[in-house]
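Student: Encoded as structure tokens, here's the structure I'll be asking about.
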Amino acid sequence: MKEIDEIQKLFNTALDKVDTNDDLNEVRTAFLGKTGHLTNAMKLLKDMTAEAKKEFGVGINNLKTKILDMIESKKSELELAKINRELKNMPRVDLTVPCDECTGSLHPVTIIQDRLIQIFRSMGFTVEDGCEIETEYNNFEAVNVPKNHPARDMQDTFYLDNGELLKTHTSAIQNKIMRKYGAPLKAIFPGRCFRNEELDASHENTFFQMEGMMIDKNVSISNLIYFMKTMLTQVFGKEVDVRLRPGFFPFVEPGFELDCSCPYCGGKGCRVCKNGGWIELCPCGMIHPNVLRMGGIDPDEYQGFAFGLGLSRLVMMTYGFNDIRYLNGKDLKILSQTRLK
Ligand code: DAH
């Protein structure tokens with residue numbers, strides 16, 4: 001059948017020239033479209049004798065199947081060529097090359113927090129976890145900051161629709177710990193805190209503290225000084241002195257600011273201690289009787305000290321960060337420097 005052979009030849013030549021999907025679509029239309037070669041050939045059927053019709057019909061149908069198959073395999077061929085082209089242009093990455101530089105590292109806050117936990121554990125403190133979302137009662141009332149107390153002004157935070165809030169300090173966990181263990185107790189509870197702050201190099205809306213409490217019979221300021229001095233000496237790996245200055249916090253009475261002799265210059269004066277020789281590190285004090293009472297502990301029988309170590313601040317000092325925002329940032333070059341220490 002001359003016509004069928006002709007069409008097959010024509011099709012082969014056209015397919016050979018196909019380079020793109022668009023080319024292929026054109027060929028498809030040229031042969032199978034309304035006025036395509038194959039469609040036109042089929043129109044010849046109606047003028048043929050029954051015998052010729054049978055033979056030609058089978059032939060043309062076989063050709064149509066063949067053409068459709070060839071178009072499909074050309075399509076796969078084009079797709080494969082496209083993928084190969086893209087692979088060729090991709091940068092070569094050898095995933096089997098060993099890479100010391102990309103093993104990851106702990107976050108600086110985690111490193112210092114772990115170190116503190118180890119130190120306090122060795123002194124008999126338990127380590128507690130707290131929530132980030134707290135009730136207003138736990139964050140304020142339970143630590144002797146009643147509604148409308150001016151101290152609330154300094155700790156504005158983010159309130160949820162249900163009236164709960166993101167805790168402004170780890171002191172918010174004190175009440176739960178007292179209710180959980182009763183007296184005597186020795187516990188630390190590190191955690192993330194939040195405040196609605198104007199951000200700058202030393203203010204962040206999200207930062208870390210570590211709270212500690214020791215409650216027992218006959219606990220005094222001497223115990224507080226002893227634990228703080230021992231802890232800081234171990235943190236800095238050298239003997240440091242501590243001193244207390246009066247400080248006001250509603251949850252302690254008396255309240256103090258605890259300073260530590262500068263571990264970097266030994267108290268002579270340097271950039272870290274701003275030439276003062278002392279570093280303000282840790283607000284603390286003797287737990288207010290109201291706070292003990294609200295925690296279910298009898299203040300006539302038990303006393304205790306509490307402290308709220310600024311963990312983010314200690315991290316910055318230890319690693320020489322001059323901007324607190326690095327700690328919540330994503331610059332791994334900065335955050336992974338701690339691996340060297
Ligand atoms: N919660 C205080 C704050 O974030 C810090 C603090 C001060 C904690 C004195 C204490 C303390 O436990 O005794 O500003």
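Student: Name the GluC sites (Glu not before Pro) in the range 97-193 that are in a loop by DSSP and that have at most 13 other C-beta atoms within 10 Å, would you?
Tutor: Hits after loop and neighbour filter: 132.
Student: Could you sort the peptides 69-81, 247-259 by per-residue average Cβ neighbour count (10 Å cutoff), highest mean leading? Let's see the in-between values first.
Tutor: Details: 69-81: 12.8, 247-259: 19.1.
In decreasing order of mean packing, 69-81, 247-259 become 247-259, 69-81.
Student: Order these peptides, 83-90, 308-315, 103-110, by their mean beta-carbon neighbour count within 10 angstrom, highest first.
Tutor: For the peptides 83-90, 308-315, 103-110, the packing ranking is 308-315, 103-110, 83-90.
Student: For the chain, what's the radius of gyration and Dmax over Cα atoms, in angstrom?
Tutor: For the chain, the Cα radius of gyration and maximum Cα-Cα distance read 38.8, 120 Å.
Student: Same structure again: Angle between the Cα long axis of helix 21-32 and the longest principal axis of the chain, 0 to 90 degrees, nearest 10?
Tutor: Taking Cα atoms only, the helix is inclined about 30 degrees.
Student: Among 71, 42, 83, which residue has its Cα positioned farthest towards the positive end of the charge dipole of the range 2-89, with +1 placed on the Cβ of Lys and Arg, -1 on the Cβ of Asp and Glu, and the dipole taken about the Cα centre?
Tutor: 42
Student: What is the distance in Å between the Cα centroid of the range 180-228 and that of the range 230-297?
Tutor: Using only Cα atoms, the two centres lie 11 Å from each other.
Student: Now for a separate question. Could you put 260, 270 in order of accessible surface area, largest first, with the 1.4 Å probe and the full protein assembly present?
Tutor: 270, 260
Student: Now a separate question. Give me the percent of accessible area attributable to carbon and sulfur for the range 120-242, probe 1.4 angstrom.
Tutor: 49
Student: Measuring from centroid to centroid over Cα atoms, what is the spacing of the range 77-100 and the range 23-74 in Å?
Tutor: Taking the Cα centre of each part, the range 77-100 and the range 23-74 sit 41 Å apart.
Student: If you don't mind, another one. Hey, what angle do you get for helix 50-89 against the long axis of the chain, alpha-carbon based, 0 to 90 degrees rounded to 10?
Tutor: Result, in degrees: 30.
Student: Run the helix sum for the chain: -39,500 (n - 2.57) per DSSP H stretch of 4+ residues, divided by residue count, reported at 222 nm to the nearest 500 deg cm²/dmol.
Tutor: After summing the helix terms and dividing by residue count, I get -12500 deg cm²/dmol.
Student: Also: So how do 229-241, 9-21 stack up, highest first, on mean other-Cβ count within 10 Å? Intermediate values should be presented prior to the final figure.
Tutor: Working: 229-241: 16.8, 9-21: 13.0.
Sorting 229-241, 9-21 by mean packing, highest first, produces 229-241, 9-21.
Student: Which value, in Å², gives the accessible area per residue of the chain when a 1.4 Å probe is used on the protein heavy atoms? Walk me through the intermediate numbers first.
Tutor: Values: 19620 Å² over 341 residues.
That works out to 58 Å² for each residue.
Student: Compute, for the range 2-89, the length of the dipole vector about the Cα centre, with Cβ point charges of +1 (Lys, Arg) and -1 (Asp, Glu) only. Units Debye, rounded to 20.
Tutor: 180
The values are calculated or read from the model by the stated rules, or taken from the named source; none is laboratory data. Remember, predicted model here, so these are calculated numbers, not experimental data. Every residue, glycine as well, gets a Cβ built from its backbone with ideal geometry; the counts of neighbours run over all protein chains shown. Ligands, DNA and RNA are stripped out before the accessible areas are found, and what is left, the full protein with its side chains, is counted by its heavy atoms. Shrake-Rupley method; radii C 1.70, N 1.55, O 1.52, S 1.80 Å.
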